[in-house]
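The values are calculated or read from the model by the stated rules, or taken from the named source; none is laboratory data. Please read these numbers as outputs of a predicted model, since none were measured by experiment. Ideal geometry is used to build each Cβ from the backbone, glycine not excepted, and the neighbour counts take in all protein chains shown. Ligands, DNA and RNA are stripped out before the accessible areas are found, and what is left, the full protein with its side chains, is counted by its heavy atoms. Shrake-Rupley method; radii C 1.70, N 1.55, O 1.52, S 1.80 Å.
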Amino acid sequence: MYILTKLKKLLKSDLVKVSSLSSISTLVKVLTGFVSVKVVAVLIGPGGVALLSQLNNFSSIFMSVSNGGINNGVTKYVAEYSGSKAKVAMFLRTSFLITTSLSIVCGLILILGSYYFSGLILRDVKYTSILIVFGFTLIMYSLNSLLIAIINGFKEFKRYVKVNVIDSIIGLIFTIILSRYFGIYGALLAAVTYQSIIFFSTLIIVRKCVWFKWSNFKGAFSKAAALKLSHYSLMTLVSAATVPVSQLIIRSYMVRHTSLNDAGIWSGMTSISSAYLMIVTTSLSVYYLPRLAEIKNDFELRKEILNTYKIIVPIIILCSLSIFLLRGIIIQVIFDKKFYGMKDLFAFQLTGDFFKMCTWILAYQFIAKAMTKLYIIVEIGFSILFVGFSCFLINHYGNVGVTMAYAMNYLICFIVMLIVFRKLLFKREYER
């Protein structure tokens, strides 16, 4: 009876309700993601997948910089000041000015440096035109991301789900058509354009929102709002400079010391992780971040964190075990025979995924509570550690070494998170 009572209580929690609502978009995104991976894997093989992953890592850096890394901050402060139209308008117009200005600058850098970046990242200047197109469309991506952050802040979950479903479908259509007719070039072009195109569909979806008025986005730049957003800017930009860059370094190291094929197989493995972890990360970004921003006392914060663990941990364990047992079928369905070497990567990759999610549940407090210094230290420190572990273990175990490094890195990171938040999690005076 006790277990059933607890289970019913968890099922009635806001996190589960929001997760259920967002499950539609998550399911669509996972399915379309798997189909896209299948198409790309069959049409361009492991080498093409490695190139596509390089471009995705590179583009994510510019995508983060182009909006100033402020979207998490926009979500937090819109949620926090949703009862004050004046304060919300102040953050909307300031974030709009920051986003448009930085997008234009980043777009120009991409266009002017397209030849250099193509040779450096994609190892061939024939892809220069892709980066030029990316430069021109970057502002649409940035404004779309800003609108999504605002929707999330206002907790308009139905619109949030609708935007993400359309995003996934457009991405799939772009990938299939362009990869089918233009091969690797088409797959790379789809990767940097589809996210910008959905800006127009997002505009249609939000046009009737109460907050979507030009008056909320025009006006004077607020230094006070910019200063608050800057804490999130630093955190996001550090992530943009560490996570993708560390993967770029590791993938380049693998190409030099193993092969482009091995690098592509590892990239395929990471795409599987990204797809199924999306089930959890979507719920965390839609519900958990705004919720943490609202909580004002440690007792409620501790309760929210522990309840989240009770829901998320069993889901991750179930998903990981299922994926491991079905890994042969998954490779066959999502990829093809060229990727069978991936079977050796699942054990350590899934272990790393488990500790990664356990870490993220605690680390979201860095964002919700604007704990900038600690966030930066953790991001930089563990990105360097991941690269170091990977390079060392690749020399001994090939591409399996990267997944071993991944698991070790997040295990250590989770332990550090427990130490950092030990007073919050284990202090008895919070008990009632």
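Here are the numbers for this structure:
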{"read-out": "Members of segment 318-365 that are open to solvent by 60 Å² or more (accessible area, probe 1.4 Å) and touching a Pro at 6+ places or on another chain (Cβ under 9 Å)", "value": "Lys338"}
{"read-out": "Selected residue (only one of Ile295, Ile249, Ile265, Ile315 is over 20 Å from Thr372 (Cβ atoms) and open to solvent by less than 30 Å² (accessible area, probe 1.4 Å))", "value": "Ile265"}
{"read-out": "Near pairs, Cβ below 9 angstrom, 6+ apart or cross-chain, from segment 147-175 (closer than 14 Å to Thr32 by Cα) to any residue that is of a type in the set (Phe, Trp, Tyr) and crowded, with 18+ Cβ neighbours inside 10 Å", "value": "Asp167/Tyr194; Ile170/Tyr194; Gly171/Tyr194; Leu172/Tyr194; Ile173/Tyr194; Phe174/Tyr194; Thr175/Tyr194"}
{"read-out": "Filtered residues of segment 215-227 (kept if of a type outside the set (A, V, I, L, M, F, W, C), open to solvent by 80 Å² or more (accessible area, probe 1.4 Å) and touching a residue at least 24 places away in the same chain (Cβ under 8 Å))", "value": "Lys218"}
{"read-out": "Residue in segment 88-99 that is under 17 Å from Val192 (Cβ atoms) and either open to solvent by 30 Å² or more (accessible area, probe 1.4 Å) or in contact (Cβ under 8 Å) with a residue 12 or more places away in the chain (or both) present", "value": "no"}
{"read-out": "Lone qualifier among Ile412, Ile419, Ile394 - being in contact (Cβ under 8 Å) with a residue 12 or more places away in the chain, open to solvent by 60 Å² or more (accessible area, probe 1.4 Å) and at negative phi", "value": "Ile412"}
{"read-out": "Lone unmet requirement of (1) within 27 Å of Cys319 (Cα to Cα); (2) out of contact with any Leu (no Cβ under 6 Å at 6 or more places or on another chain); (3) among the hydroxyl-bearing types (Ser, Thr, Tyr); (4) in contact (Cβ under 8 Å) with a residue 40 or more places away in the chain for Thr403", "value": "(2)"}
{"read-out": "Selection status of Lys373, at negative phi, touching a residue at least 60 places away in the same chain (Cβ under 8 Å), part of a helix (DSSP H, G or I) and open to solvent by 20 Å² or more (accessible area, probe 1.4 Å)", "value": "no"}
{"read-out": "Test set (1) under 30 Å from Tyr81 (Cα atoms); (2) open to solvent by 40 Å² or more (accessible area, probe 1.4 Å); (3) assigned to a helix (DSSP H, G or I) - Phe212 fails condition number", "value": "(3)"}
{"read-out": "Residues being open to solvent by less than 20 Å² (accessible area, probe 1.4 Å) and either aromatic (Phe, Trp, Tyr) or part of a helix (DSSP H, G or I) (or both) - total across segment 62-75", "value": "5"}
{"read-out": "Qualifying residue in segment 48-58 (condition: open to solvent by less than 10 Å² (accessible area, probe 1.4 Å), part of a helix (DSSP H, G or I) and in contact with a Gly (Cβ under 9 Å, 6 or more places away or on another chain))", "value": "yes"}
{"read-out": "Qualifying positions in segment 298-312 - open to solvent by less than 30 Å² (accessible area, probe 1.4 Å) and under 23 Å from the mean Cα position of the chain (by Cα)", "value": "Glu304, Ile305, Thr308, Ile311, Ile312"}
{"read-out": "The one condition in (1) over 22 Å from the mean Cα position of the chain (by Cα); (2) on the phi < 0 side of the Ramachandran plot that Gly219 fails to fulfil", "value": "(2)"}
{"read-out": "Number of the exception - Lys155 against (1) farther than 23 Å from Asn71 by Cβ; (2) not in a helix (DSSP H, G or I)", "value": "(1)"}
